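The values are calculated or read from the model by the stated rules, or taken from the named source; none is laboratory data. These numbers were taken from a predicted model, which means no experiment stands behind them. Please note: Cβ atoms are built from the backbone with ideal geometry, for glycine as well, and neighbour counts cover all protein chains shown. SASA here: full protein model, heavy atoms, side chains in, ligands and nucleic acids out. Shrake-Rupley method; radii C 1.70, N 1.55, O 1.52, S 1.80 Å.
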Amino acid sequence: MLFNKKKTEEKIDRSTRILPTHVGIIMDGNGRWAKKRGLPRQAGHKVGAATFKKITRYANSIGIKNLTVYAFSTENWKRPKEEIDALMDLFYDYLIEALRDFSEENIRTIFIGDVTAFSPKLQQLIHETEAISSDKTGMRLNIAMNYGGRDEIVRAMREISAEVAEGKLQPEDIDPALISDHMYTFGQPDPDLIIRPSGEYRTSNFLLWQSAYSEYVFMDEILWPDFSTEDLERALDEYARRNRRFGGV
Ligand code: FPP
């Protein structure tokens, strides 16, 4: 994990620590996990999907209010067709399972990204999943699919400029709050903490607008399929050690 060594020694009492209201996770390292085992990349995604389910349930159980996971980016279409097909099958299986199990889970699921690029079958499941979980009072789970931070900002700019052109808005009305209201995450708090396992130290177009003051925890010693509930706890401990100033003192 990348952080200030001295501070790492600061013991955190998990019963009293401050939890982030919104956690983002870049579920990275599935391909390398599979490669290390001589397996096709798809095998890593399959185990990654099981990890996603485990971490989602656990996050809800400990009181995280909003979780956003990066499942498929606007750039992931560049991958080989067989890997994309395998990912689409995994999304499909997950949604079928989620629809079956949702009565027991107090999780509200929302999809962020341009889902119109997916097959009609997948889109139908996406809409059903959102509808069936819409009255849940527990954690809000944003699944970012065909999501890109730049794409989201372009989309927001187009909406806002159309409103200006129609005379519904004046240029002076445009401020950060208005822009936030045009993001997929409108009405939600910005992510406090973004976790990225696997040793890549970049944001990869994830929640670009919303992450202006997010705390990043890069966990370089772990690949997503191996990510455990204790790894999430360690990231939450690290978040609790951070001193957030939001540009102040
Ligand atoms: C990044 O690892 C991971 C992805 C592009 C896919 C993430 C998808 C899942 C975890 C599947 C389950 C999701 C849902 C919502 C059911 P990578 O392939 O870039 O890994 P690498 O960097 O080691 O190649």
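So, LEU99, is that one more than 12 Å from the ligand (Cβ to nearest atom), open to solvent by less than 60 Å² (accessible area, probe 1.4 Å), at pLDDT 95 or above and farther than 20 Å from ASP220 by Cα or not? Considered against the rule, which asks whether it is more than 12 Å from the ligand (Cβ to nearest atom), open to solvent by less than 60 Å² (accessible area, probe 1.4 Å), at pLDDT 95 or above and farther than 20 Å from ASP220 by Cα, LEU99 comes out as no. Quickly run through segment 185-205 and pick out the residues that are in contact with a Ser or Thr (Cβ under 8 Å, 6 or more places away or on another chain), in contact (Cβ under 8 Å) with a residue 24 or more places away in the chain and not in a strand (DSSP E or B). Correct list: THR185, PRO189, ASP190, PRO191, ASP192, THR203, SER204, ASN205.
The residues of segment 174-205 that are within 15 Å of the ligand (Cβ to nearest atom) and not small (Gly, Ala, Ser), listed by number, are ILE194, ILE195, ARG196, PRO197, GLU200, TYR201, ARG202, THR203, ASN205.
Residue count for segment 102-141, restricted to those that are hydroxyl-bearing (Ser, Thr, Tyr), open to solvent by 10 Å² or more (accessible area, probe 1.4 Å) and outside any helix (DSSP H, G or I): 4.
GLU130 fulfils the conditions (1) touching a Ser or Thr at 6+ places or on another chain (Cβ under 7 Å); (2) of a type in the set (Asp, Glu); (3) in contact (Cβ under 8 Å) with a residue 24 or more places away in the chain except for a single criterion, (3). Here LYS54 passes the criteria (1) closer than 25 Å to GLY149 by Cα; (2) within 15 Å of the chain's Cα centre (by Cα) except the one numbered (1).
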